[in-house]
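Undergrad: This is the structure I have questions about; it appears just below.
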Amino acid sequence: MPDQDDRKDDSPPSRLTPLWRLLAACGIAALHGLGSYLLLTGLQGAQALIGISFLFIQPAALASFVCYICDPMATRPMSFYASVPLVLVLGAIGLGGYFFQEGVICCLMLAPVWYGMGFLGARLTYKYRQRSHPEEVFSLAVLALPLAMAAMEPMITPPWESHTVARSAIMAGSPDQIWPLLRGIPDVRPGEGRWNITQDVLGVPRPLGARLEGEGIGAARIAQWQRGIRFAEVVDEWQPQRRIGWRFDFRGSQGWQFTDQHLRPDSNYFRVTRGSYQLDPVDSAHSRVTIRTTYAIRTRVNFYAALWGEWMLGDLEDNLLGLINQRIKPNRR
């Protein structure tokens with residue numbers, strides 16, 4: 001059996017310098033990614049972008065392709081192969097920000113799985129090249145895998161799944177002090193609430209205020225958030241000084257242009273349906289406030305989407321609890 005040096009001597013000489021091979025490989029990968037985006041959205045709509053092909057198969061295939069092209073003699077170390085998916089992910093975020101500004105949040109959400117699958121593709125390619133001497137057609141064949149999977153995905157109908165995110169906090173206030181704040185805070189001031197990654201880093205808007213129109217079941221909390229967002233919360237649970245619940249009504253709501261259609265709360269893939277505050281006395285001077293948000297998702301990767309739903313909606317709820325807690329401070333004795 002020939003040793004590794006003999007195998008490398010049999011390889012055809014590279015006609016391109018390492019830099020040009022890298023630029024050419026990354027360029028082809030970028031064109032493949034953009035072309036797949038346009039093709040899949042044109043044929044299947046936005047559902048294709050949250051499918052197995054685009055999220056899992058394509059990053060692995062592109063990383064494998066770039067690694068193979070940039071290492072024609074199979075001499076580079078594993079550290080080089082591991083760096084390729086990182087470069088591709090950063091490039092995807094940059095392209096998404098430049099061409100599809102509203103998709104930056106989605107790109108950041110997908111970055112962990114993109115890198116993980118890209119690393120897997122790079123690792124498998126490294127191992128494969130240590131054991132065999134494939135023809136050049138290998139590097140082109142892997143690019144067909146995402147499209148082959150995408151052609152089969154429409155046969156899989158994803159189910160709707162319902163999830164509830166809950167956060168709670170104990171506050172130094174009696175139910176009669178806190179209850180008016182649960183009905184609505186119409187004048188949220190800059191700096192109120194809690195710092196969180198979702199709103200302060202990813203740029204999801206913060207609330208500007210909410211006012212209650214009417215009283216009891218059937219009343220509506222009209223919410224206004226940054227960037228012109230406005231929507232209604234129709235009250236369907238009402239227990240004064242104990243609980244208020246509502247269903248979200250996004251008909252005619254405005255301001256969702258800050259994000260793409262996957263993150264709209266009334267999209268075909270993600271729907272925020274219900275919310276509530278519950279107020280439980282702890283002792284004569286303290287109360288527990290619990291906020292719950294129920295949403296439904298329908299993607300081919302519901303398990304991954306639910307992780308982000310728990311985190312991002314949890315951040316929004318923590319911010320609202322922080323706002324309520326700050327507002328009752330002046331009333332404390």
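The values are calculated or read from the model by the stated rules, or taken from the named source; none is laboratory data. Worth saying up front: this structure is predicted, and the values here are computed from it rather than measured. Reconstructed Cβ throughout: ideal geometry from the backbone, glycine too, with neighbour counts over all protein chains shown.
Undergrad: Of the residues in the range 266-285, how many are under 18 Å from PRO158 (Cα atoms) and either over 16 Å from the mean Cα position of the chain (by Cα) or of a type outside the set (A, V, I, L, M, F, W, C) (or both)?
TA: Number of matching residues: 5.
Undergrad: Sticking with this one: Is it true that LEU124 is at pLDDT 80 or above and either assigned by TED's automatic domain parsing to the domain that holds LEU34 or part of a helix (DSSP H, G or I) (or both)?
TA: yes
Undergrad: Farther than 20 Å from PRO186 by Cα and under 23 Å from the mean Cα position of the chain (by Cα): is that true of GLY203 in this structure?
TA: Taking the combined requirement at face value, the residue satisfies it.
Undergrad: Follow-up. Closer than 15 Å to LEU316 by Cβ and not in a strand (DSSP E or B): does that describe VAL165?
TA: So VAL165 fails the test.
Undergrad: Step by step: first the residues of the range 271-289, then only those that are touching a Ser or Thr at 6+ places or on another chain (Cβ under 7 Å) and of a type in the set (Val, Ile, Thr), then the one that is nearest to ALA220 (Cα to Cα). Which residue is that?
TA: Only one residue fits best here, namely THR273.
Undergrad: Among the residues of the range 168-192 satisfying the criterion of being hydrophobic (A, V, I, L, M, F, W, C) and in a helix (DSSP H, G or I), which is nearest to LEU62 (Cα to Cα)?
TA: If we take residues in the range 168-192 being hydrophobic (A, V, I, L, M, F, W, C) and in a helix (DSSP H, G or I), then LEU182 is nearest to LEU62 (Cα to Cα).
Undergrad: For TRP225, only one of the following conditions fails: (1) more than 24 Å from GLU310 (Cα to Cα); (2) within 24 Å of the chain's Cα centre (by Cα). What is its number?
TA: (1)
Undergrad: Right, next: Quick one: how many residues across the range 162-206 are more than 17 Å from ILE328 (Cβ to Cβ) and acidic (Asp, Glu)?
TA: The number of residues fulfilling the criteria is 1.
Undergrad: Let me ask something else about it. For the range 251-292, which positions are farther than 15 Å from VAL234 by Cα, at pLDDT 95 or above and crowded, with 18+ Cβ neighbours inside 10 Å?
TA: Selection gives GLN278, LEU279, SER287, VAL289, ILE291.
Undergrad: Among the residues of the range 69-86, what is the count of those that are of a type outside the set (Lys, Arg) and at pLDDT below 90?
TA: Qualifying residue count for the region: 7.
Undergrad: Quick check, is GLY203 surrounded by 14 or more Cβ atoms within 10 Å (Cβ to Cβ), touching a residue at least 24 places away in the same chain (Cβ under 8 Å) and within 24 Å of TRP160 (Cβ to Cβ)?
TA: When the stated conditions are applied, GLY203 does not pass them.
Undergrad: Please tell me if ARG327 is among the basic types (Lys, Arg), assigned to a strand (DSSP E or B) and either within 20 Å of LEU182 (Cα to Cα) or modelled with pLDDT of 90 or more (or both).
TA: Taking the combined requirement at face value, the residue does not satisfy it.
Undergrad: Also, I was wondering about something else. For the range 184-200, name all the residues that are farther than 18 Å from GLU233 by Cβ and without any contact (Cβ under 8 Å) to a residue 24 or more places away in the chain.
TA: ARG189, PRO190, GLY191, TRP195, ASP200
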